[in-house]
1. To the nearest 0.05, how large is the calculated FRET efficiency for Glu148 and Val193 if R₀ is 41 Å and r is the Cβ-Cβ distance?
2. Of the trypsin sites (Lys or Arg not before Pro) in the range 235-268, which ones lie in a loop per DSSP and count no more than 16 other C-beta atoms within 10 Å?
3. Give me the 1.4 Å probe accessible area per residue for the range 160-285, excluding ligands and nucleic acids, in Å².
4. Could you order Lys531, Lys453 by accessible surface area, starting with the largest, using a probe radius of 1.4 Å?
5. Probe of 1.4 angstrom, ligands and nucleic acids ignored: what's the accessible area per residue over the range 546-618, in square angstrom?
6. Taking a ≥ b ≥ c as the square roots of the eigenvalues of the Cα gyration tensor of the range 142-221, is the shape rounded (a/c under 1.5), prolate (a/b larger than b/c) or oblate?
7. Ordering Glu587, Glu549 by accessible area with a probe of 1.4 Å, largest first, what comes out?
8. How much of the accessible area of the range 132-245, in percent, comes from carbon and sulfur atoms when a 1.4 Å probe is used?
Amino acid sequence: MGIDLTNKSIMFWVVLTLLIVGSLPFLLSWYQISQSRSAVIDQAQKNHLIISLATADRFEAYLNKYRDLASNLALNPNVYLTPDSVEAADSMKAGLVSNQDIHLIALLLRDSSINTQVGTSQSANAQVIQLARKNESVDIDVEQLIVELSEGFKLLDLSNNKYLGVVVPSARPNVDVVMLVDVDMSQWLNPRVLGQSASISLVDAQGQLIEHAGDEFQGVPVEWLNLFKSGVANGGANLSEQKNNQFIAAFAKVNNLPWYVLSRQSVAFAEQTTADMSRTAWTTFSLVLLVMAALLAMAYYSWVKPIRRIVKAQSALMGKNNQPDWRGGEVMALEQSFDALTKHIDDRNALGQIFVDRYQVISPIGKGGMGSVFLGWDPRLDRHVALKTLPIGKKFGSRENMSQTLVQEAITAAKISHRNVVSIYDVVSTKNTAFIAMEYIKGESLSSLLNRKKSLNLSLTLSIAIAVLKGLNSAHKMGFVHRDIKPANILLDVNGDIKITDFGTATLVSGISVDNVTGTHGYMAPEIYQKGDASLKSDLFAVGVVMAECLLGQNPFKGKKISQTKLNTLNKTVTFPPWIRTRGTEELFKTIELLLDKDPAKRPGSASLMAEQIVQATPFTIKWVPEDADIKIQINDGDYENEKTIVALN
């Protein structure tokens, strides 16, 4: 059974690509590491030979420096013409001072037949003509020194210190310049450059150790001693075995001297190097995995998430029933969403060809229990309008009764002329259908705003309440009770207008009967549940609920079931926490609590009186700023009501 790769998510391909790109170099490196032991050993042999040759060159340069100093003194006329003169002594002292490591300078006459001056020392072969030294306290047997030195260089152990003896003949026969230098040969031997378990040694042609640094000196291989004695080789490297251990070794000759620099290292370092390389590779791979994880996160947030958001947004534009299908991956979902959106746009374009009376239908705005609303265009007056029609389907009553209800809403609202009430422009009705042309509010409902913001600050809440109370006051003066004040029926314009809409349930106070219960659960006053008694003060109670919902972020009476909502409305007392109360005065919140009183007699006598009390109790100027509220233009043609209105038709 094969693997279907045709419907995979973008993340699948991103992960697969990163795994391939990130893993291939690691696998290649791992293979190279597994093959690297012999390569490491070969390279190490080359390194040993290079280091040995370089160390030998440093020794040669170091020795030549003192030979040149001695040669310059030997060629000084004061020295070879009059070696016993004061001028010769001064030249010797100047040479002694010129370098802090020179301990002693002497002029020797290598002829025992010459009578020496009184006070000079002599041996069987030479006598000291003049002697200059830095530290008289250092006990050096000069006679023994003369015996041991011959022309050239020699390392000497004198008074528990190592010295380099340098002998150079002067321009005068049988007169030699002798120089004794305090020397530290170990400064030129640095095995650390070769890595762990390495050593560097300086030996003579017989294999005797002169100086050593690093691991224990293991001696000179016999085959190398033969090369040293023959003097035919200046350097070399090989892989030797000693005591069941393999070693890398190299040597280099110091020019013009029978000295050799040896370097040595166990091949165990190769295994250690390979292990280090392996650990480094794993560490690098771990870092690669972290980078891959970061790239995956970046890919998700930069590509996948935006695509998903586009698909969801396109689905939202087409309504709640159009949910994206992710089974084929984001690309396929985007293609399907684009096709559906194209069809949706085509349908809307077709909708734009429909006219209701003189009004052109442009697009759906929303739908609720009391009807469907479309954005329309009035070509005669050159303005947008909102067209409210009967709801799709029969949810209650007959279409004839619903048509009458819609017409009654238009008549009721048309009688109320106020800046905080949506204006009615026109109404058209037949026996089975009707529509209202009314003012188009370019914005959103308070319900939509609360869905986004959850809650509002005190200033915005009071601004909305004042506007609603003023609009209600105008309706109440005309003798109408709205009976369905709720966030879905409060419209907020981007230009700053706040308007009440949906007077489909509004009724003359004189026409309200006990059995004619209308409104939305959670906003209806207690007396409506108890007696079916709707009044001007039941509208004020609904305003108080809306204010509480804006401040608290939820309807204070809302329950999981209608019965629970009803019990909460009858019995629950709304309280505002201290962090909300501190934004205003105590008098202000007592005024708001009056609106929510269970007893309608204790509520304010009118909407205008309530508005005045709120203004007087507020410690700041109440001003509605739509930019602060972040009002959006509603484009979703889904339900604009979160809570359904219950309607009792006569």
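The values are calculated or read from the model by the stated rules, or taken from the named source; none is laboratory data. No experiment lies behind these values; they were computed from the predicted model shown. Every residue, glycine as well, gets a Cβ built from its backbone with ideal geometry; the counts of neighbours run over all protein chains shown. Each accessible area value is taken on the protein alone, full model and side chains, heavy atoms only, with ligands, DNA and RNA left out. Shrake-Rupley method; radii C 1.70, N 1.55, O 1.52, S 1.80 Å.
1. On the way: r = 34 Å, r/R0 = 0.84.
Once the sixth-power term is evaluated, E becomes 0.75.
2. Details: sites: Lys243, Lys253, Arg264; in loops: Lys243.
For trypsin sites (Lys or Arg not before Pro) across the range 235-268 that sit outside H, G, I, E and B with at most 16 neighbouring Cβ atoms in 10 Å, the list reads Lys243.
3. Values: 6040 Å² over 126 residues.
Per residue, the range 160-285 has an accessible area of 48 Å².
4. Solvent-accessible surface, decreasing: Lys531, Lys453.
5. Values: 3840 Å² over 73 residues.
I get 53 Å² per residue for this part.
6. On the way: a/c = 2.61, a/b = 2.55, b/c = 1.03.
It is prolate, given that a/c is not under 1.5 and a/b is the larger ratio.
7. On the way: Glu587 115, Glu549 30 Å².
So the residues, ranked largest to smallest area, are Glu587, Glu549.
8. Values: 2580 of 6160 Å².
C and S atoms contribute 42 percent here.
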